[in-house]
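Data first, discussion second: the structure below is written as structure tokens.
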Amino acid sequence: MAGRIPQNFIDDLVSRADIVEVVNARVPLKKKGKEYSACCPFHNEKTPSFTVSESKQFYHCFGCGAHGTALGFLMEYENLDFIDAVEALAAEYNLDVPRENSRFNPSVAQDDKQPLFDILAKSAELFKQQLKKSDRAIQYLKQRELSGEIAKTYQIGYAPDGWNFLTDHLGNDKKTIDSLVATGLLVKKDDGKQYDRFRDRIIFPITNRRGHIIGFGGRVIGQGEPKYLNSPENTIFHKGQELYGLYEARKSVRHLDKLIIVEGYMDVVALAQHGVHYAIASLGTATTTEQLQRAFRTVKTLIFCYDGDQAGKKAAWRALENALPLLRDGLEAKFLFLPDGEDPDSMIRTEGKEKFERRLASAKPLSEFLFEQLSEDLNTQSSEGKSLLTEKAKPLLSKLPESVFKDLLYQKLAELTGLNINKLQLESSENTTLKPTISSTRSNREVKLSATRDAIALLLQFPNLSCEINIPDTFIDSEIQGLALLHEINSLIQSHPDITSAALLERWRDNKNFPALQKMMQREILGSDDLQNMKRLLTDAIDNLTNKHHDLRYEILEKKFHEGSLTDMELEEYKALFSR
């Protein structure tokens, strides 16, 4: 059984790849001093603001803020997720991507997932065969105006009305039953009896990014409850992370630039039947942040399409709240509300593709929907109304990443309330993950962040400096947030002395500090040609941070000393700090 891609392969691949070659093969670059430049591929511009640094192996756009390594560029430019980007980059260097065996890798789940994929694929095939044999199911799809071609594209099937259809056809052995139960296809009761979960339902297979079936949705034919039934959460199916139709959309549309998010399976396939092949569904639940992240990794524009009733407005508002933290410059969310009693399925059957797409073109921008909802039932001409609008808006706007878009929304709020924009804007969230949090024992004295930023930026951009310095182990548990991260980065470099800046940064891709570290990689460091100067800057920064850490520890221990609550070990530390 193949497992994850070994970390040392990813390190070597990123180190071997030349970001100038990778980018230039897709976006022609021009040499400009030590760097290369082009018009940014991620937003429209006439004057080049997109730069690629050969020394850092990092790209950055001063216009829209896009930045990253060669892997990050492939993910953004070609709409790939991380694994696909690794495979694409490896292919460019004629490398085979190795996989670690789950039995020998403790970080990979010990249970073998392949039997689950296999049983789902076999079940899907059975359901497809049954669809061909069921006049009732075929008639239902014809009534919904679905063609055989669309049914084939989405692998639609039919689960017959029986309690043991799957075991009758796939077998009753322990391995088969265990796999059926693990995927939720078979329900096992407390008394040991079992039965098929999906019975007399149209079956919609749910695929992952690679096209593997990971679960099913079943719609009842005629009357019955529940109307829709999903596979339960299991080892390979996490409903809040998956999007129905995303794999098919990417496969159908060569240059996918937008996605419509709808509520149901039938909406997705009905839109595809009428030529709109870029709809996806959130599996009958409120659209989650994880689902939106996945969608935004594929396209720059999402259009949420809901019924125009109160339930639709509520679903749209939840989607808006989950989208806000993701909306960096270059990404946009829009909202389309259909007439009462209509859904995308009925709407496109009534008016056809051309009129439906005209509706899409007139979808409300997120900013318009946001302030429309916030202003509802408020008299924004009165002082009280303006005050209430401000209080309702500020917590939502604070969720946005630092961007031009965020500034524009604050400007809109200022226009609506007549307040000064500088007073409205909250403290910038930039670098919050590295911002020190000071213990309450410290008389409100702030620790400056500049030394932490300097040290991390220097280590990221010049990993070879690690062998020249010593970072105290006491940083691991420091009250000053950011010092533990600094220590972790240094430890990683020391255990991998040949690691490059880009490979080092990629180690943090799935970590909460990744966005902040990317900003550290962007920082321009004066005198970077002089290695001795870089060493001196790093040493000074660490000495500065060590003194701040000792000052803070002394204050904490001094308070405990007066309270008589010092342990023997803390007393020794207190004495050492006192005698500095």
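On the given criteria, is residue 222 buried (at least 24 other Cβ atoms within 10 Å of the Cβ), assigned by TED's automatic domain parsing to the domain that holds residue 153 and out of contact with any Pro (no Cβ under 6 Å at 6 or more places or on another chain)?
no
Output yes when any residue across region 535-552 is among the hydrophobic types (A, V, I, L, M, F, W, C), within 29 Å of residue 22 (Cβ to Cβ) and buried (at least 19 other Cβ atoms within 10 Å of the Cβ), and no when none is.
Within region 535-552, not a single residue is among the hydrophobic types (A, V, I, L, M, F, W, C), within 29 Å of residue 22 (Cβ to Cβ) and buried (at least 19 other Cβ atoms within 10 Å of the Cβ).
Quick check on region 68-78. Is at least one of its residues polar (S, T, N, Q), in contact (Cβ under 8 Å) with a residue 60 or more places away in the chain, surrounded by 15 or more Cβ atoms within 10 Å (Cβ to Cβ) and in a helix (DSSP H, G or I)?
Within region 68-78 (the criterion being polar (S, T, N, Q), in contact (Cβ under 8 Å) with a residue 60 or more places away in the chain, surrounded by 15 or more Cβ atoms within 10 Å (Cβ to Cβ) and in a helix (DSSP H, G or I)), the answer is no, since none of the residues qualifies.
Say whether the condition of being under 18 Å from residue 144 (Cβ atoms), of a type outside the set (D, E, K, R) and in the same structural domain as residue 138 (by TED's automatic domain parsing) is met by at least one residue in region 251-268.
No; the residues of region 251-268 include none that is under 18 Å from residue 144 (Cβ atoms), of a type outside the set (D, E, K, R) and in the same structural domain as residue 138 (by TED's automatic domain parsing).
Taking region 28-54 as the region of interest, how many residues are under 25 Å from the mean Cα position of the chain (by Cα) and closer than 20 Å to residue 522 by Cα?
Total satisfying the criteria: 7.
Going by the conditions given, is residue 204 in contact (Cβ under 8 Å) with a residue 60 or more places away in the chain, within 25 Å of residue 265 (Cβ to Cβ) and surrounded by 15 or more Cβ atoms within 10 Å (Cβ to Cβ)?
Spelling it out, residue 204 is indeed in contact (Cβ under 8 Å) with a residue 60 or more places away in the chain, within 25 Å of residue 265 (Cβ to Cβ) and surrounded by 15 or more Cβ atoms within 10 Å (Cβ to Cβ).
Being hydrophobic (A, V, I, L, M, F, W, C) and either outside the structural domain of residue 256 (by TED's automatic domain parsing) or in contact with a Cys (Cβ under 9 Å, 6 or more places away or on another chain) (or both) is the filter; apply it to region 348-368 and report the residue that is farthest from residue 402 (Cα to Cα).
That would be 360.
Show me the helices (runs of 4 or more DSSP H) entirely contained within region 285-361 in which 1 or more residues are at pLDDT 90 or above, farther than 23 Å from residue 256 by Cβ and β-branched (Val, Ile, Thr).
Those helices (runs of 4 or more DSSP H) span 344-361.
Tell me whether region 228-236 contains one or more residues that are buried (at least 23 other Cβ atoms within 10 Å of the Cβ) and not polar (S, T, N, Q).
No - not one qualifying residue is present in region 228-236.
Using beta carbons and a limit of 6 Å, which pairs, at least six apart or on different chains, have the first residue in region 1-28 and at pLDDT below 90 and the second one part of a strand (DSSP E or B)?
Pairs that qualify, where the first residue is at pLDDT below 90 and the partner is part of a strand (DSSP E or B), are 3/101; 27/38.
When you check residue 422 against the structure, is it at pLDDT below 80 and over 25 Å from the mean Cα position of the chain (by Cα), yes or no?
Yes, satisfied.
Select from region 33-59 the residues that are in contact with a Cys (Cβ under 6 Å, 6 or more places away or on another chain) and part of a loop (DSSP other than H, G, I, E, B) and list them in ascending order.
40, 42, 43, 45, 48, 49
The values are calculated or read from the model by the stated rules, or taken from the named source; none is laboratory data. For clarity, every value in this text was computed on a predicted model and none was experimentally measured. As a convention, Cβ positions derive from the backbone with ideal geometry for all residues, glycine included, and neighbour counts pool all protein chains shown.
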